[in-house]
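Q: Have a look at this one before I ask anything.
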Amino acid sequence: MPQLLPFAGLLLLSQASLAPATPQESDSLRIGMSTALTGPAAALGQGVKSGAEAYFAEVNAAGGIRGRFLELIVLDDGYEPARTGPNMRALVGDHDVFAVIGNVGTPTAAVAVPIAQELEVPLFGAFTGAGLLRKTPPDRWIVNYRASYAQETAAMVKGLVHDLGLKPSQVAFFTQDDAYGMAGYTGGIKALKAMGYEAAEFLPHGRYPRNTVQVESGLAAIMDPRNDVKAVIMVGAYKPCAQFIRLARKHGLDALFLNVSFVGSAALAKDLGPVGEGVVVTQVVPHFESDFAGVQDYRQLIPEDHRGFVSLEGYLLARAFVAGLHGVRGDLTRDALIDTLEAGLPIDLGLGAPSQLSSADHQLSDSVWPTVIQSDGSYGAIEDWSDLRAYLEVH
Amino acid sequence: MAQPDTDHQGPGSANMEGELRRLSLGGAGLFALLAVALIVVLESLGTQLSVFEEKVVPTERAVGGMFDSISDLSARESAALAATAVDEVDALGDDAEAAQAADAALWTLEGALRPGQLVSLRQEFDAFRESADNLTVAARDSHKVGDAFAAQLSAAQSQVEKLLRGVSALEGEVQLRYILLLRELDSSQSTDALERLIKGDVRMIDERVGKARTMIEILGRRIEQVALTRNRDELNSLNSNELAQAAASAKAAINHLSAALDEQEYADLTAEVADVSAQLSATLALLHATGPTPGLVDLRHAYFIAGATMRSAQAAGRERSLSASATLEEVGADVRSVAEASQAQTDAVVRTTRIGVTLLVLLGLGFCAFSARRILMALKALRAQNAHLAKLKDDLSEANAHLEARVEERTRELSAREASTRLLLNSMGDGVFEANAQGILVGERSKAVDAWFGDRLDQDGSRVWNILSGDTPGAVSVQLGWEQLFDGFLPFEVAADQIPHRFERDGRIFDVEYREGAQESTVLVVVRDWTADVAAERAERESREFQALVGNLLRDRKGFEITRDECAHLIEQLEQAENLSETKKALHTLKGNTASYGFSAVAKRCHSMENTIAAEGVAPTASELAALRREWELSIRGLKEFIQSEEGSSIQVESEEVEQLCRLLSENKDREEVLRLVATWAHTPARSYLTRLERQARRAASRLAKEVDVRVNHNRVRVDSSLDPLWPSLIHLVRNSIDHGLESPEVREAEGKPRTGKLAFSVEKSDRSILIEVADDGAGIDEASLRARLGPKSEGLPLLQVIAHDGLSSKDEVTDHSGRGVGFGAVLSVVESLGGTVSVSTAVGKGTCVQLQLPLVDPTASDATAAA
C-alpha cells in the first residue's frame, strides 16, 4: 500500500487538473535545484530530489501555491563546483526559478552561495552543514534547514565525553582535507574546548586527500602508539571513511567510529558490510521510521524501499519551503519570502515545536539524531549515547 | 532716371535725353567690359579647378588610400603581434581587401606618377605586403607552438602531480607499516620488533620514499622552469643541466626505492612503485621528442624560433613600409607641388581679377559721379522749365476754375428751374407734353403722361395719335388734324379745334387741348382726366333725380302712382305701336310724364329716341325699346318700397270736410246728404293733382330760367278714379305753357309785362260735369303762323285741331320740355276718350287758356256702388 501513495498523489493531481481552479502549467512556480545526480555523491542528490518532488507533487495535487503548480527543475552538477556556477545561473536566468532548494554539497555551495547572494535568489535548505552557509549575521538569501557539521561533531563530542564517559584525549579526528572536513573538525575542537579541554588541537588528527582513498597516512597518525584513541570522529566521504574503518579494524584499532550525516548513511553501511556494525552516524533528521507526525506524513508519500535519511531531509526541506511560501502575505516575491521567514513565521514540520527564524538565525533545525549501524546493516536510532558502550567493549 | 511728362515741351528735355543716351551708352560699355573680365576670370578659374579635380584631388586621394592600405597592413601586423592565441590571428582574416584598395589606388596614381615612381611604389608595396603576410604566418606559428607548449607543460605537471600522489600513497602506507610496527613493539616489547624497527626495511623504505618524493618535487620544479626560460640559450642550459639532472635523480630514486622492496614481503608496494616508475617514464617522455611528437623542450625551442621569425618579419615589414611611405611622400610632394602651382596660378588670377574689378568699379563710380553731375544740371534746367510751366498751368486752371464756377452756377439755376417746372407739371395732375410735327414727343412731360400712356410711350414709332387714341380710326383723325396744325393752311386755333378732343381709354375719359408750343414746330398737348368729373356728375345727377323722385312721391303719392302706371302703360303702347304716329305720341307723353316727375334718365332716353325718329323717320328698334324699358324699371326699382308701403291704405280727408260733416250732423241734416258727403271722401281731392301740376310747372320754369307764379284753385273738388288717365296728360299743357307760353323775364320786361309770368290751374265741379282750366299770361299762340307752317292742310280746321296736329310745335327749336303739338294732341285724345271736350282760347301777347270739360259720373251712385 505505501508504494501506491505517490501514484495516489498523481491521481489526485490528474483529478485536480479537471477541477475548475486548475493551475496552469504555463504559469507554474518554478523551483530550481543544482545537485549531484551522477558521481560519488549521486545517492545524496537523488535522495534529496525524490523527497522534495514527492512533497511538491502533494502540494500540486492540493491546488499548488496560489493556483500555480510547483515545478522542480533539477540540474546535475556531479558534485563538481565548476558545474554548479553555470547551473545556478541557468536556473535563475534561463528557467527563471523563484528559489533554489536542496543543493547537495559544501564545495558546490561555496560557488552557489555567492551567486545566490549576487542574484538575490533564495538558496533554501542546501544539503550541507558547512559554516560558509551559516555566517554571523546570516546572508540574507541563504536559509538552512539542517544543523551544521559543527553541531553534529559537537553533539558527538558531548555524547562521547559526557554520556559515554570518554576522556577528551581519547577522541581523534579523521577528516577530508578540505572545507568540509575542517568544518566538522572545528566544531568538535570548539566543543572540546568548551568542556575545558584546551589541548584539543593536539589531538590525533588524520586527513585524506579529497576524492582518494589514501587513508593510510591519516590512520597512521591516529594509530600512533603514543595515543590512546577510543573514538574517531570522521568527517569525510563514505568511501575513504569505509576504507579507514576497515583498515583501522584490520589493524586492531579498538575505537568507536562516528560519522557526520553527510557521509551518506546508506552507502556507508553498504560499503562496510558486516564490518560496519557499531559505526555511528549522526543525522540531522529523525529516523525515517520514527513516530514524528512529519515523518509519518513522509512515509505516506515514499515507498518503503525508497525511504532514508536523505530523502526524508529532501521532504522536510521542501515542506519547510512551501510553508514559507504559504506564509507570505501580499505579492509572492523572493523578498517577501525572506521577509516573512525572518519575521518569525512559525514553521511546523511535525517534528515537535515549530521553528522560527529571524534575521540573526537562518537555520530551521539545530537537532542532531545519532544512529548506529546494526548487525543487519540497518541504522538504529540511539536513544542514549551510553548505549554505545556495548560497541566499545565488543572491540 | 524717369523723365517727367514734359519731354516734348522744351529744349531742356531734349538735352537731357541726349545726356541720358550718352550716359547709358557709357554704362553699357562699362558693363560689357565687366562681363568680359568676368568671363576671362571664370574661364581661368575653371581651368584651374579642372586641373585640381582631375589631377590633384584623385592623386591625393590615391596617395591617402595607399597610406590607408599601408596603415591597415601595419595594423594587421600589430594585431598579429599582439594576438595571444592562434584564433585571434586567424580572426584577422587575409589582407586581400587592403591589397585591392592599394591596387586601385595605384591605378589611380598611374597617370600622376613618373614611371619609375610607379614601379618602385608597386614593388615596395608588394614587398611590404609580403613581409606582412610573413609576419602573420610567423605569428600564427608562434602561437601554435606556444599553445602546444602550454598543453604539453600542463600534461607534464599533472603527470608530476599524479606521481606525487602515488608517492604520497606509498608514503602513507609505509608510515602505517611503521606505526603498526611501533604498536607491535609497544604491545609486545620484543627485540625482534625493535630490530626490525631500527634496521628493518620499513625505515629504509620510508627514507627512500621520502628521497623519491623529494626528487620528483625537484623534477616538477625543473619542468616548470622550462616555461620560464627566456631564450634558447637558457633553455639549452636548463635542458642539458638541471632538467637532465633532475630526471636522472628521480629515476635513480625510484630505482633505489624499488631495489629496497622485497617482492615477497612488499608485493603491494612493489606494484605501486612500478606504477610510479612507469608514470615517471611517461612524464619524462613528455619532455623530449620521441618519434614525431615534439617534446616540451622541443616545443619551447620551436616557440623561440617562431618568435625570432616573427620579429624579423616585423622588421622587414617595417622597413618596407617605411620605404613605401617614403615613395608615397614623394608622390604626395609632387602632387602638392602641382596643387601649389595650380593654387598659385589661381591666386594670380584672383589677384589680377581683384585689381581689374577694383579699377572697373572705380571707373564705374567716376562715371556715375560724372553722370550724376550731368543729370543734375539737366534736372536743374528742367526744374526751371517746369516751374515756368507750372505757373502757366496755375493761371490756366484759375481761369478754368472761374469759368467752371460760372457754368456750375448756371447749371444749378437751370436745373432748379427745370426742377420747378417739373414740379409744376407734376403737381398739375394733367398730362402735359410737347410733340413735333412728326408727332414725336419732345422735351419735358408731366408724370401723368407716363401714368396714363406709359405703355404706348415706350413703343417704337409711337406718335401723338397712337398715344392718345386707342383705335385706328381715332388715331387717323388725330393724325390728319395734327398735320393740319403744321401745314399753316388754317389758323392754329381752327386747326386745333378740328382734332378730336375727347378720348376714352381703359375706362378713363380724357379731355385734350392743343396749344401752340414754346418752340416753333412743336405743339403743347394738355390732357385732363375727366373720368372722375363725369362719373361724379352722373352720380350727382342720379342722386338728384332720386331725391326728386322721392320728393314727388311723398308730396303726391296718388299722382305719382297714376303717372307711374301711365308710364308703364305708355311703354307697353310703344312696344305694341302699329305706326309711327302712335309711337311718336306715346313717346312724347312718356317723355313729358317722366320729365315732370323727375325720371330724367328715362326722359333723356325718350328725347334721344325722338331725335332719332325725327332725323331718320324710322320707328325705334326692339332693342332700343327694351333699353327704354330697362331704364324705366331701373328708375322705379329704387322707389318700390316707398310706393308699396303705403299703397291703398289710406284716404285723404281735409279738415274743412270734417267740419262740413260735423256741421251736417249738428244741423241734423238728412242722412242721405251726410252719406253722400262721406262717400265722396273715397275720391281723390283734385287739389293733389293740381298741386302736382303746380310743382311740375315750377320745376319746368326753373329749368328754363323763367319766373312763374302758379296759382291753384281746387274748390275742394274730389274726383273719382275714372279721370285717372287724364291727370298725367295735363303735364303737356303745363309744359306748353311754360315752354311756349311764358316768355323769358327779359322778353317780358321788354314787352312791358311783369318779369314773373302767371299760370293758373282751376277745377270746378257742376252737377254734370267737371271743368279743368289751365291758363297763362304768356305769348299766346300765333295761330296765323301755325297755320302758315302747317300749309294748306290746316285750312278749315279749328285752332284746337291745328295745335294738336302731329309734329307741330310752335317752337323752331326742339327742346326736351315741349315744342310739339304732340302733347296737346295727347291731351285731346285722352279727354275725348273720357267723353269730354277741349277748348282753347288764346291771344297773341296776352296768354292762352285751355279748358277741359269732362262729364261727371254720379259720385253718390258710384260711391255707393263702391261702398257696397
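No lab work stands behind these numbers, since they all come straight from the coordinates. Here the structure is a predicted model, which is why all the values come from computation and not from measurement. Neighbour counts run over all protein chains shown; Cβ positions are idealised from the backbone, glycine included.
Q: When the Karplus curve 6.51 cos²θ - 1.76 cosθ + 1.60 is applied with θ = phi - 60°, which whole-Hz ³J(HN,Hα) does each residue of the stretch B:670-680 get, with x for Gly and Pro?
A: 4, 4, 4, 5, 4, 4, 4, 4, 5, 5, 5
Q: By average Cβ neighbour count within 10 Å, what is the ranking of A:279-286, B:692-699, A:83-90 from highest down?
A: Working: A:279-286: 26.4, B:692-699: 22.5, A:83-90: 19.5.
In descending order of packing, they fall as A:279-286, B:692-699, A:83-90.
Q: Would you mind calculating the gained length between B:Ser841 and B:Val674 on full extension (0.36 nm times residue separation, minus the Cα-Cα distance), in nm to one decimal?
A: Working: separation 167, 0.36 × 167 = 60.12 nm, distance 3.91 nm.
Here the answer is 56.2 nm.
Q: Indicate, rounded to the nearest 5 percent, the antiparallel portion of the DSSP beta bridges found entirely in the protein assembly as shown. Spell out each step's value before the answer.
A: Numbers: 55 of 92 bridges.
Restricted to the protein assembly as shown, the bridges split so that about 60 percent are antiparallel.
Q: Cα centroids of the stretch A:198-266 and the stretch B:233-261: how far apart, whole angstrom?
A: 37 Å
Q: I've got another one for you. Over the whole of A:218-227, what's the average partner chain Cβ count within 10 Å per residue? Rounded to a whole number, please. Please report the intermediate quantities before stating the final value.
A: Details: counts 3, 6, 11, 4, 1, 6, 6, 9, 4, 1.
Taking all residues of A:218-227 together, the mean is 5.
Q: I need B:Tyr689, B:Tyr597, B:Tyr514 ordered by Cβ neighbour count within 10 Å, fewest first. Spell out each step's value before the answer.
A: Working: B:Tyr689 27, B:Tyr597 30, B:Tyr514 23.
Ordered from fewest to most neighbouring Cβ atoms within 10 Å, B:Tyr689, B:Tyr597, B:Tyr514 come out as B:Tyr514, B:Tyr689, B:Tyr597.
Q: Expressed in nm to one decimal, what extension gain is obtained for the pair B:Leu362 and B:Ala622 from 0.36 nm per residue of sequence separation less their Cα-Cα distance?
A: Numbers: separation 260, 0.36 × 260 = 93.60 nm, distance 12.52 nm.
Between B:Leu362 and B:Ala622, full extension yields an extra 81.1 nm.
Q: Could you give each residue of the stretch A:82-93 its phi-based ³J(HN,Hα) in whole Hz, using Karplus coefficients 6.51, -1.76, 1.60 with θ = phi - 60°, and x for Gly or Pro?
A: 5, 8, 5, x, x, 4, 4, 6, 5, 4, 7, x
Q: Here is a further query. Given axes a ≥ b ≥ c from the Cα gyration tensor, I'd like to know whether chain A is rounded (a/c under 1.5), prolate (a/b larger than b/c) or oblate.
A: Values: a/c = 1.99, a/b = 1.73, b/c = 1.15.
Verdict is prolate for chain A.
Q: Let me ask you something else. Let me have the relative contact order for the stretch B:534-647, percent, based on Cα pairs under 8 Å that are six or more residues apart.
A: 27 percent
Q: Tell me the angle of helix B:244-260 to the major Cα principal axis of chain B, expressed in degrees between 0 and 90 and rounded to the nearest ten.
A: 70 degrees
Q: Now for a different question. Collect residues whose amide H, placed 1.01 Å from N in the peptide plane, falls under 5 Å from the amide H of A:Gly32; neighbours closer than 5 in sequence don't count.
A: It is A:Ile73, A:Phe98, A:Ala99, A:Val100, A:Ile101, by chain and number.
Q: For a quick protection proxy, order the peptides B:524-534, B:166-176, B:181-191 by their average other-Cβ count within 10 Å, most packed first. It would help to have the intermediate numbers written out before the result.
A: Numbers: B:524-534: 16.5, B:166-176: 22.5, B:181-191: 14.1.
Averaged packing, sorted descending, gives the order B:166-176, B:524-534, B:181-191.
Q: Please list, in order along the stretch A:282-292, the HN-Hα scalar couplings obtained from phi with the Karplus expression 6.51 cos²θ - 1.76 cosθ + 1.60 (θ = phi - 60°), rounded to whole Hz, x for Gly and Pro.
A: With coefficients 6.51, -1.76 and 1.60, one gets 7, 10, 9, 10, x, 4, 6, 9, 6, 9, 4 Hz.
Q: Report, by chain and number, residues whose modeled amide H sits under 5 Å from the one on B:Val442, excluding near sequence neighbours (fewer than 5 apart, same chain).
A: B:Glu434, B:Ala435, B:Asn436
Q: What's the exposure ranking of B:Glu413, A:Glu342, going from fewest to most Cβ atoms within 10 Å? Provide the component values of the computation, followed by the final result.
A: Values: B:Glu413 10, A:Glu342 18.
Fewest-to-most Cβ neighbours within 10 Å comes out as B:Glu413, A:Glu342.
Q: Using helices alone, I'd like the mean residue ellipticity at 222 nm for chain A: each DSSP H run of four-plus residues gives -39500 (n - 2.57), total over residue count, nearest 500. All intermediate terms of the calculation are to be shown ahead of the outcome.
A: Details: 13 runs with 159 residues, N = 395.
My calculation for chain A gives -12500 deg cm²/dmol from helical runs alone.
Q: Is the stretch A:133-282 best put as rounded, prolate or oblate by its Cα gyration tensor, with a ≥ b ≥ c the root eigenvalues, rounded for a/c under 1.5, and otherwise prolate when a/b is larger than b/c, oblate when not?
A: Working: a/c = 1.66, a/b = 1.22, b/c = 1.36.
Oblate shape, in that a/c is at least 1.5 and b/c is the bigger or equal ratio.
Q: Turning to a different aspect of this structure: What percent does the relative contact order of chain B come to when contacts are Cα pairs within less than 8 Å and at least six residues apart? Walk me through the numbers before you get to the answer.
A: Working: 1025 pairs, mean separation 72.2, N = 868.
Computed over chain B, the figure is 8 percent.
Q: Moving on. Obtain the nm distance between the two label points defined at B:Ala344 and A:Arg329 by a simple spin-label model: each point lies 7 Å from its Cα along the Cα-to-C-beta direction.
A: 9.6 nm
Q: If you line up the long axis of helix A:179-194 against the longest principal axis of chain A, both from Cα atoms, how many degrees apart are they, to the nearest 10?
A: With both axes taken from Cα atoms, the answer is about 60 degrees.
Q: For peptide A:148-156, compute the average count of partner chain beta-carbon atoms within 10 Å of each residue's beta-carbon. Intermediate values should be presented prior to the final figure.
A: Working: counts 0, 0, 0, 0, 0, 0, 0, 0, 0.
Partner Cβ neighbours, averaged per residue: 0.
Q: Across peptide B:180-187, how many C-beta atoms of other chains are within 10 Å of each residue C-beta, on average?
A: Numbers: counts 7, 1, 5, 7, 3, 1, 3, 2.
That average works out to 4.
Q: Using the structure shown, select from B:Lys591/B:Lys753; A:Lys135/A:Lys190; A:Lys193/A:Lys230 the pairs with a Cα to Cα distance greater than 28 angstrom. Each step should come with its number before you reach the end.
A: On the way: B:Lys591/B:Lys753 31 Å; A:Lys135/A:Lys190 16 Å; A:Lys193/A:Lys230 18 Å.
Beyond 28 Å between Cα atoms: B:Lys591/B:Lys753.
Q: Another one. Under the definition of Cα pairs under 8 Å and six or more residues apart, what whole-number percent is the relative contact order of chain A?
A: Reported relative contact order: 18 percent.
Q: A further question on this structure: Among B:675-684, B:377-386, how do they line up from the highest to the lowest mean number of other beta-carbon atoms within 10 Å? Could you put the intermediate results ahead of the total?
A: Details: B:675-684: 17.6, B:377-386: 16.1.
Peptide ranking by packing, descending: B:675-684, B:377-386.
Q: Which of rounded, prolate, oblate describes the protein assembly as shown, given a ≥ b ≥ c as roots of the alpha-carbon gyration tensor eigenvalues and a/c under 1.5 marking rounded, otherwise prolate only if a/b is larger than b/c? Walk me through the numbers on the way to the answer.
A: Numbers: a/c = 7.78, a/b = 2.63, b/c = 2.96.
Oblate shape, in that a/c is at least 1.5 and b/c is the bigger or equal ratio.
Q: So what is the 222 nm mean residue ellipticity for chain B from helices alone, if each DSSP H run of at least 4 adds -39500 (n - 2.57) and you divide by all residues, rounding to the nearest 500 deg cm²/dmol? Please report the intermediate quantities before stating the final value.
A: Values: 30 runs with 608 residues, N = 868.
Calculated mean residue ellipticity at 222 nm is -24000 deg cm²/dmol.
Q: Another question about this same structure. Among A:Leu219, B:Leu228, rank each residue by its count of other Cβ atoms within 10 Å, from fewest to most, as a rough exposure measure. All intermediate terms of the calculation are to be shown ahead of the outcome.
A: Numbers: A:Leu219 28, B:Leu228 9.
With the fewest neighbours first, A:Leu219, B:Leu228 line up as B:Leu228, A:Leu219.
Q: Still on this structure, please answer the following. Pull up all non-local amide H partners of B:Thr522: gap of 5 or more, or a different chain, and H-to-H distance under 5 Å with H placed in the peptide plane.
A: When sequence neighbours closer than 5 places are left aside, the close amide H contacts are B:Gly517.
Q: How far is helix B:622-637 tilted off the main Cα axis of chain B, in degrees rounded to 10, range 0 to 90?
A: So the helix axis and the longest Cα principal axis differ by about 90 degrees.
Q: Taking 0.36 nm per residue of separation and subtracting the Cα-Cα distance, what length does fully extending B:Val442 through B:Glu195 add? Walk me through the intermediate numbers first.
A: On the way: separation 247, 0.36 × 247 = 88.92 nm, distance 18.53 nm.
Result: 70.4 nm gained on full extension.
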